[in-house]
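First up is the structure itself, then whatever we jot down about it.
The values are calculated or read from the model by the stated rules, or taken from the named source; none is laboratory data. Predicted, not measured: the structure shown is a model, and the values here were computed from it. Here the Cβ positions follow ideal geometry from the backbone for every residue, glycine too, while neighbour counts run over all protein chains shown. Heads up: the accessible areas ignore ligands, DNA and RNA and are worked out on the full protein's heavy atoms, side chains in. Shrake-Rupley method; radii C 1.70, N 1.55, O 1.52, S 1.80 Å.
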Amino acid sequence: MTALFAVAAKEIRDGLRNRWVVAIALIFAFLAIGLAWFGPAVSGTVGFAPLATTIVSLSSLAVFLIPLIALMLGYDTVVGEDESGTLTLLLTYPISRLQLLGGKFLGHAAILALSTVLGFGAAGLLIAALTQQLDSAALWREFGFFILTATLLGWVFAAMACLISVSVTEKAKAAGLALVVWFGAVIVFDLALLGLLVATRGAVGELGRVVLPYLLLLNPADVFRVANLVGFAPARSYAGLANVVAADTLSPAVLVAVLAGWAALTFALAAWRFQRRNI
Amino acid sequence: MTAAPAIALEGIGRRFGALTALNGVSLTVPEGQIWGLLGHNGAGKTTMMKLVLGLLRPSTGTVRVLGLTPTGPEAGALRRRIGYLPEAVAFYDDLSGREALRYFARLKGRPAREADGLLERVELAAAADRRIKTYSKGMRQRLGLAQALLGDPRLLLLDEPTVGLDPIATGRFYQLLRDLRDQGVTTLLSSHVLPGIERHVDRVAILGGGRLLASGTMEELRAATPLPVSIRLCGTWPPGQWQDLVSDPRISVRRHAAGDLEILVPAGGKLDLLRQLMAAEGVADISLTPPGLEALYAHFCHPDSPRRETP
């Protein structure tokens, strides 16, 4: 256990030192404040939009950004150490491969959680203060849910990064694979699903209505979208594809559990592949 | 103290797909000795180290290290007692030497102050708080050695440890290994830098093509080869006279520019010839060079090639 935490602590320290944490938190904060400020300008008004509307536009941006950040944070975590020769060394220490990968994942998860909470939290406080909504408990619950799901989304892709990193032997390949995964999750999957709907228009019928929400669960990015867009009343008109999912089909708790399950499953797969990696 | 040898390899073979990296290697390294593992690239040195470290499982044969099996349930206990320095390792550039070593200490379950003590020992204390990025190759190598020494290991496995070290640092490095040997620590170091290494190691093992070609002390290796001893003569003598000295067909003579003679004589005929030379006139100086490690190495690695002479 000590070894696991030593690895996690080093990852966190690296994250603080190379300013990943600060950079991610700042990006999130600026994004939130910028969206709150510029959001209403589109419709002709100037000033801060209420937090609820901001969350909706924020989540449609976060769904692109968070996976990318999580993948960039961790794609080289194992393959990078392999290239520099420290992986061989670490594996001669009294630490199992599971502990090593677990420590790295734990460290990345902490970095993502820390910067998400700091960045979005600070921005949320600021926006709420400027729009005089600081005392709305319901609003904080929604914002808290957003931060929770954003963190979980980050964890899913941190686990993906682990999986990529243990599966390749060159850093460059890991970077390429990370981009492919990102592109597939945030763009291609939705397009393919949309194409499926269009191509089978009319033919899908009642079955499609039932199946589609569950198809969305196959993509963690969409789970995050669904969780944050469908949950909010003002979001219905923005939600696009995710709107097809009736809000009562999947409760927020189920969606959170699905995201957590995605992270756990992906990490388990990464750990399994790491065990089989040749040193 | 365990009575078991530090390393006991029995008929180990290791294949990677169609490639046979090691084939039927048996080797016993007793505790408290410094062993040099020699062989050209691809001879199986690194594979052998990885087998001893438990990073690989042998395809055939058994590996016992300090009496334990390096893969399996005893691995954790064993790894606390082994120090390893991989070849050309690049440590975490953004950490300072102290931070990196403390990280390794935590992983090995050792207190941080042990890392500080080791930095002193490898003479990196002054640079301990600088980033490793700024370290020279020799400093990195010493940091790697400090890392291997964490936890007072009973067995050190060092892959090309003296690469990048200047002669003085190399000397200090071997002195450190001798000090450790006196405390009972066993060292197995691989090297392709042959000249000079024989003074520092107790025994050598020569690997080639995945097989153990020879092992033992320098004397044992010399005894196992027909390599000649080189005798160098200085002096003045009339032309033609020296031929009388060396009528034995097993002896070959080369004349050097300065009039010096180099005589190559089989180890068995050495003393007889020396007696003759001592009695001969005009001989001012005699120096004797037994076959060096390079010649032995060449002999074992290429037994069919023409006999190489010691320089």
Check your understanding: Just a yes or no: is a residue in segment B:6-13 assigned by TED's automatic domain parsing to the domain that holds residue B:193, open to solvent by 10 Å² or more (accessible area, probe 1.4 Å) and in contact with a helix residue (DSSP H, G or I) (Cβ under 8 Å, 6 or more places away or on another chain)?
Key -> no
Check your understanding: So residue A:41 fits all but one of (1) in contact (Cβ under 8 Å) with a residue 24 or more places away in the chain; (2) out of contact with any Lys or Arg (no Cβ under 9 Å at 6 or more places or on another chain); (3) open to solvent by less than 60 Å² (accessible area, probe 1.4 Å); (4) not β-branched (Val, Ile, Thr); what number is the exception?
Key -> (1)
Review point. When only residues in segment A:78-97 that are open to solvent by 30 Å² or more (accessible area, probe 1.4 Å) and under 14 Å from residue B:107 (Cα atoms) count, which is nearest to the other protein chains (Cβ to nearest Cβ)?
Key: A:96
Exercise for review: Return yes or no: is residue A:61 assigned to a helix (DSSP H, G or I), modelled with pLDDT of 85 or more and among the aliphatic types (A, V, I, L, M)?
Suggested key: yes
Review point. Across segment A:110-138, what is the number of residues that are part of a helix (DSSP H, G or I) and either open to solvent by 10 Å² or more (accessible area, probe 1.4 Å) or of a type in the set (Lys, Arg) (or both)?
Key: 13
Practice item. Check A:107, A:74 and return the single one that is more than 9 Å from chain B (Cβ to nearest Cβ), surrounded by 20 or more Cβ atoms within 10 Å (Cβ to Cβ) and in contact with a His (Cβ under 7 Å, 6 or more places away or on another chain). Key: A:74
Practice item. With the checklist (1) closer than 28 Å to residue B:85 by Cβ; (2) touching a Phe, Trp or Tyr at 6+ places or on another chain (Cβ under 9 Å); (3) open to solvent by 30 Å² or more (accessible area, probe 1.4 Å) in hand, flag the one item residue A:68 doesn't pass. Key: (1)
Revision key, fill the gap. Across segment A:1-12, the tally of residues that are at the interface with chain B (Cβ under 8 Å from one of its Cβ atoms) and open to solvent by 60 Å² or more (accessible area, probe 1.4 Å) stands at 1
Review point. For the subset of segment B:17-49 comprising residues that are within 14 Å of chain A (Cβ to nearest Cβ) and of a type in the set (Val, Ile, Thr), which member is nearest to the chain's Cα centre (by Cα)?
Key: B:46
Exercise for review: Of all residues in segment A:248-278, count the ones that are within 14 Å of chain B (Cβ to nearest Cβ) and open to solvent by less than 30 Å² (accessible area, probe 1.4 Å).
Suggested key: 2
Practice item. Would you be able to tell me the number of residues in segment B:50-86 that are assigned to a loop (DSSP other than H, G, I, E, B), within 12 Å of chain A (Cβ to nearest Cβ) and of a type in the set (A, V, I, L, M, F, W, C)? Key: 2
Exercise for review: Tell me which of these residue B:219 doesn't satisfy, since it passes every other one: (1) surrounded by fewer than 21 Cβ atoms within 10 Å (Cβ to Cβ); (2) part of a helix (DSSP H, G or I); (3) modelled with pLDDT of 90 or more.
Suggested key: (3)
